[in-house]
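The structure appears right after this line, and notes come after that.
The values are calculated or read from the model by the stated rules, or taken from the named source; none is laboratory data. As the structure is a prediction and not an experimental result, all values here were calculated from the model. As a convention, Cβ positions derive from the backbone with ideal geometry for all residues, glycine included, and neighbour counts pool all protein chains shown.
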Amino acid sequence: MEVIHKIGRRKTAVARVYLKDGSGKITVNKKDFVDYFPTATLQYKVNQPLVLTGNDGKFDILVNVYGGGVTGQAEAIRLAISRAMCTLDSEDTEESEDGRATGNRGILKPEGLLTRDPRMVERKKFGQKKARKKFQFSKR
């Protein structure tokens, strides 16, 4: 199997994921992902597509991620791994009799793991304190 390369984004975080056959080692920015993401919630987010598709422990994953905070980075990695799981399983993406796709895509899409979250920080406007907050208005 050749290396699968996918990109995931969330807010300002961008994650590039390289997936290849291996023993299940996940490396994020040259660190073990348990060291990079110390909390169990963030580790769960990164592992979620692998666990749902039953592929945990089958692939070595190398991740380069930059921008944003740790939560945005973890969700960007989750999107990239989900996309990689879909291309891994692309040869058997025929539909079942009830019209839904089978394989990894059929597992990940209902969970919302293939959707790019479009929410971004709203920009600050001139003449205002913040994006929506205004300076105090005085009538007299």
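Quick one: count up the residues across the range 30-59 that are surrounded by fewer than 14 Cβ atoms within 10 Å (Cβ to Cβ) and over 15 Å from the mean Cα position of the chain (by Cα). Break it down stepwise before answering.
Within the range 30-59, the first condition is being surrounded by fewer than 14 Cβ atoms within 10 Å (Cβ to Cβ), and the residues that meet it are 30-32, 34-35, 38-41, 44, 51, 54, 57.
Narrowing further to those that are over 15 Å from the mean Cα position of the chain (by Cα): 30-32, 34-35, 38-40, 54, 57.
Residues in the range 30-59 being surrounded by fewer than 14 Cβ atoms within 10 Å (Cβ to Cβ) and over 15 Å from the mean Cα position of the chain (by Cα): 10 in total.
Please state which one of SER82, SER23 is within 24 Å of GLY103 (Cα to Cα), surrounded by 23 or more Cβ atoms within 10 Å (Cβ to Cβ) and among the polar types (S, T, N, Q). Step through it out loud before you land on a result.
On the way: SER23 fails: surrounded by 23 or more Cβ atoms within 10 Å (Cβ to Cβ).
Of the residues listed, the single one that is within 24 Å of GLY103 (Cα to Cα), surrounded by 23 or more Cβ atoms within 10 Å (Cβ to Cβ) and among the polar types (S, T, N, Q) is SER82.
Among the numbered criteria (1) part of a loop (DSSP other than H, G, I, E, B); (2) touching a Ser or Thr at 6+ places or on another chain (Cβ under 6 Å); (3) at pLDDT 95 or above, which single criterion is violated by LEU62?
Every listed condition holds for LEU62 apart from (1).
Considering only residues that are in a loop (DSSP other than H, G, I, E, B) and in contact (Cβ under 8 Å) with a residue 60 or more places away in the chain, look in the range 1-20 and name the one that is surrounded by the fewest Cβ atoms within 10 Å (Cβ to Cβ).
So the first thing to find is which residues in the range 1-20 are in a loop (DSSP other than H, G, I, E, B), and the list is 1-3, 11-12.
Narrowing further to those that are in contact (Cβ under 8 Å) with a residue 60 or more places away in the chain: 11-12.
Numbers: LYS11: 18, THR12: 14.
For the range 1-20, the residue satisfying everything is THR12.
Test of understanding: among GLU97, GLU91, which residue is surrounded by fewer than 19 Cβ atoms within 10 Å (Cβ to Cβ), modelled with pLDDT under 90 and in a helix (DSSP H, G or I)?
Values: GLU97 fails: in a helix (DSSP H, G or I).
After applying the criteria, what remains is GLU91.
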